[in-house]
1. Condition first: outside any loop (DSSP other than H, G, I, E, B), open to solvent by 30 Å² or more (accessible area, probe 1.4 Å) and either within 14 Å of VAL35 (Cα to Cα) or without any contact (Cβ under 8 Å) to a residue 60 or more places away in the chain (or both). Now tell me which residues in the stretch 68-118 satisfy that.
2. For the stretch 153-172, indicate whether the set of residues that are more than 30 Å from PRO298 (Cα to Cα), of a type in the set (Val, Ile, Thr) and surrounded by 24 or more Cβ atoms within 10 Å (Cβ to Cβ) is non-empty.
3. Out of all the residues in the stretch 281-294, which are open to solvent by 10 Å² or more (accessible area, probe 1.4 Å) and touching a residue at least 12 places away in the same chain (Cβ under 8 Å)?
4. In the stretch 142-150, is there at least one residue being open to solvent by less than 10 Å² (accessible area, probe 1.4 Å) and either modelled with pLDDT under 95 or within 17 Å of GLY85 (Cα to Cα) (or both)?
5. Is it the case that some residue within the stretch 154-168 is more than 30 Å from ASP332 (Cα to Cα) and of a type outside the set (A, V, I, L, M)?
6. Looking at the structure I just gave you, is LEU232 under 30 Å from TYR63 (Cα atoms), assigned to a strand (DSSP E or B) and open to solvent by less than 10 Å² (accessible area, probe 1.4 Å)?
7. Going by the structure shown, is ARG62 modelled with pLDDT of 95 or more, open to solvent by 50 Å² or more (accessible area, probe 1.4 Å) and at positive phi?
8. Pick out the one residue from LEU171, LEU160, LEU190, LEU166 that is outside any helix (DSSP H, G or I), over 18 Å from GLN290 (Cβ atoms) and either within 21 Å of the chain's Cα centre (by Cα) or modelled with pLDDT of 95 or more (or both).
Amino acid sequence: MTTRRDTLHRMLAVTLAVGALGMVAPAGAAEPITVRIGFASVGADNRQFSGGSSAAVVHSERYLDQELRDRPEVKVEWYFFKGAGPAVNEAFANNQLDFALQGDLPQIIGRANGLKTKILLASGAHAPIYLAVPVGSPVRKVSDLRGRKVSIFRGTNNHLAAVKVLAGYGLQERDVQVINMDTATTNAALTARDIDAAFGNFPLAGLAEKNIVEIIYTTKGDNPAYERHSTLIGQEAFIKAHPDITQKIVSAIVRAARWSSEEANREAFFEISSRTGFPASGYRYDFSGQQLNYRNSPIIDASIIESYRFQAKQAKEFGLLRRDVNVDGWFDRSFLDAALKEQGLVKYWPEYDAGGKPLAVGQ
């Protein structure tokens, strides 16, 4: 005989079962995925922006949101590192990032230390560096730096470029008093005249505009081997697990690179970059005398790969690395090539051979 207690137990069981069914995700619903993308840079006063690259445009103009509009389960988180490339390497090592926009030397150091990554496309390649001194300084050329206090942000792609410039003018790193400073600290030290000189990039142009420093040397027009390169690098494990999302990230950057390479968009590109808090004039100076489709090309070609191979060798020779680094198999163009084909951009950007000479169309 069914008792009132039995009936209540059955009703409770049915209620719990219905509730449990309601908690089950709808059939076919995708698991949420968070993609963590880092920049080895940060804006003035810690503004969460980067500038001067196609990837910076992707972030500022939300290109990736558009690319992922059919994947609502995918969330993107952006991170900006005051500690630049070394801090990005630490985040990769601690599995806190999936992708990053990072310079060549820290990428090479990361590979030397066993980070499992792939380089997917260029964003911020072919960049110059500058040597700035306080206004009125007796230092007028690179060779005058002997014995002087010089700011170099160690472990960044500025570091290797600066060491190569010093070597090109007869100096070694030990011939100067190197002080490791980030961008903000360098700017303050130059303003206070606490250092004699600084190697750096576009923020130095802002100080020159204020008549605080003079830029007495630039790698523009000098040896192309002194150029700095930045690329999109990703964790191998994420790329293998989510090739579809990886493709969307690469496609978004290629789309932004096309826009950023059009000369008609030059001023708009600088204005977007100025969201970092660094003035548009600094970016204007940085890109002066260079075509946008050279600086904003996403192409990983033989010249870029050979540059990494040579820089890995130089980094060891200059004592920045303790072991050899093999770059074979590190670069993966498959996602870039797919994006170029999909967007009708095959042959849109020139490619260069290992010696830096333009390849003929069709090669």
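1. As a first pass, look at the stretch 68-118 and keep what is outside any loop (DSSP other than H, G, I, E, B): 74-80, 84-93, 99-112, 117-118.
From what's left, open to solvent by 30 Å² or more (accessible area, probe 1.4 Å): 75-79, 86, 90, 93, 109, 111, 118.
Within the stretch 68-118, LYS75, VAL76, GLU77, TRP78, TYR79, GLU90, ALA93 qualify.
2. First pass over the stretch 153-172, keeping only residues more than 30 Å from PRO298 (Cα to Cα): 169-172.
Those still in the list that are of a type in the set (Val, Ile, Thr) too: none.
Checked against the condition, which is being more than 30 Å from PRO298 (Cα to Cα), of a type in the set (Val, Ile, Thr) and surrounded by 24 or more Cβ atoms within 10 Å (Cβ to Cβ), the stretch 153-172 yields no hits at all.
3. First, pick out the residues of the stretch 281-294 that are open to solvent by 10 Å² or more (accessible area, probe 1.4 Å): 281, 284-285, 288-291, 293-294.
Across the stretch 281-294, the qualifying residues are SER281, ARG284, TYR285, GLY289, GLN290, GLN291, ASN293, TYR294.
4. The first filter runs over the stretch 142-150 and keeps only residues open to solvent by less than 10 Å² (accessible area, probe 1.4 Å), leaving 142, 145, 150.
Applying the additional criterion that residues be either modelled with pLDDT under 95 or within 17 Å of GLY85 (Cα to Cα) (or both) yields none.
Checking the stretch 142-150: not a single residue is open to solvent by less than 10 Å² (accessible area, probe 1.4 Å) and either modelled with pLDDT under 95 or within 17 Å of GLY85 (Cα to Cα) (or both).
5. yes
6. Working: under 30 Å from TYR63 (Cα atoms): yes; assigned to a strand (DSSP E or B): yes; open to solvent by less than 10 Å² (accessible area, probe 1.4 Å): yes.
The answer is yes for LEU232.
7. Working: modelled with pLDDT of 95 or more: yes; open to solvent by 50 Å² or more (accessible area, probe 1.4 Å): yes; at positive phi: yes.
Answer is yes for this residue.
8. Working: LEU160 fails: outside any helix (DSSP H, G or I); LEU190 fails: outside any helix (DSSP H, G or I); LEU166 fails: outside any helix (DSSP H, G or I).
Result of the check over LEU171, LEU160, LEU190, LEU166: LEU171.
The values are calculated or read from the model by the stated rules, or taken from the named source; none is laboratory data. Just so you know, these numbers come straight off a predicted model, no measurement behind them. Note: ideal-geometry Cβ built from the backbone for every residue, glycine included; neighbour counts use all protein chains shown. Note: areas computed on protein heavy atoms with side chains; ligands, DNA, RNA excluded. Shrake-Rupley method; radii C 1.70, N 1.55, O 1.52, S 1.80 Å.
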